[in-house]
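A short worksheet on the structure shown next.
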Amino acid sequence: MTDDTLEERFTFRLSRMNVFIALGTLVIVLIFLTSFLIAFTPLREYIPGYTNVGLTKRLYKLQLKTDSIERDLAAKEKFIMNIRDVINGKDLTEDKPLIGDTIKRYGNVKIKRSAEDSLLRLEVENQNKYNLYKNEAIESSGLKKASIGGLLFFSPLKGVLTNMFNPSQKHYGVDIVAKQNEAVKAALDGTIILSNWTLETGYVIAVQHAHNIVTIYKHNSAILKKTGDYVRAGEPIAIIGETGEISTGPHLHFELWNDGNPLDPKEYITF
């Protein structure tokens, strides 16, 4: 209030919540200001544990001076020893290499790549760069080809094979014809990594299995699982169909991949 007129200037009410809010805000502001002073001002030099900003630079210069003094001292000692030998009638001592600088000026080092090194790098980078059949490259290098023949695959669909595995024609799987509305089953335990519809192959579902094995099921009329679902071997995941522009009738196009290489499913699965 005003002392003369007792007119009210402003009012405020104290409560436990207001006091806590005021004290909390004050503490946060003080912490922020202290952190700012420590991180961005020279005041941090006075805090135990923080070194001087220019200390490293001064140490570097002192080390250079120490190396120079050491070299000069070694040269003067050799000169004094030669003078002493001349006075005593002895032969001069052999020249010894002066102590080299312990500071390496790496900024002046220039690394040049030889022509042979460039050709070798290019050969290694381009080796098997566009090779679809990784196993052939492994066999040609003398390494042992990985085998998945010991795994027990579940037949995704019982039916008749109408189109075989033919990589030369970019047909990386087999086509299986079966009864209408037959269920397509997972060949192994795994996780659904693709469950979508495409213009060419219709409803497509892909399953990631152990040992870097991936199975793909195309031209389905319906998909029973979604991406991220875990399925067991023999569990229905789709319904046979003829969706997609390149489909020629109700069938399942089944692909088997291992380590990024297409395999002939007929060699591992009995349909």
Exercise for the section: For the pairs 78/110; 61/110; 170/226, note any where the Cα-Cα span goes beyond 32 Å. Expected result: 78/110
Fill in the blank from the handout: Length gained, residue 115-residue 73, 0.36 nm per residue minus C-alpha separation, equals 10.7 nm
Exercise for the section: Please list the non-local residues whose amide H lies under 5 Å from the amide H of residue 202, H modeled 1.01 Å from N, same-chain partners needing a gap of 5 or more. Expected result: 244, 245
Practice task
Give the cross-link partners of residue 57 among the aspartates and glutamates, using a straight C-alpha distance below 12 Å as the criterion and excluding same-chain residues fewer than 8 apart.
Solution key: none
Practice task
Note the full-extension length gain between residue 200 and residue 242 as 0.36 nm times their separation in residues minus their Cα-Cα distance, in nm to one decimal.
Solution key: 14.0 nm
Practice task
Could you go through segment 179-191 in sequence order and give the Karplus-derived ³J(HN,Hα) for each residue, using 6.51 cos²θ - 1.76 cosθ + 1.60 with θ = phi - 60°, rounded to whole Hz, and x for Gly and Pro?
Solution key: 5, 5, 6, 6, 7, 8, 10, 6, 6, 8, 5, x, 10
Practice task
Give a residue-ordered list of calculated ³J(HN,Hα) values for segment 263-270 (Karplus: 6.51 cos²θ - 1.76 cosθ + 1.60, θ = phi - 60°; whole Hz; x for Gly, Pro).
Solution key: 10, 7, x, 5, 7, 10, 10, 9
Problem - Cross-link reach list, aspartates and glutamates versus residue 158, counting only Cα pairs under 19 Å and skipping chain neighbours closer than eight places - result: 175, 182, 189, 235, 242, 255, 264, 267
Fill in the blank from the handout: FRET efficiency for residue 158 and residue 122 from the Cβ-Cβ distance with R0 = 45 Å, rounded to 0.05, comes out at 0.35
Problem - Stokes-Einstein D for segment 160-267, Kirkwood Rh over Cα pairs, 10 °C, 1.306 mPa s (µm²/s) - result: 117
Fill in the blank from the handout: So residue 191 and residue 226, fully extended at 0.36 nm per residue minus their Cα-Cα distance, gain in nm 11.6 nm
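Since every read-out is calculated from the coordinates, none of them should be taken as a lab result. This structure is a prediction, so every number in the text was calculated from the model and none was measured. Glycine also receives a Cβ, built like all others from the backbone with ideal geometry; neighbour counts cover every protein chain displayed.
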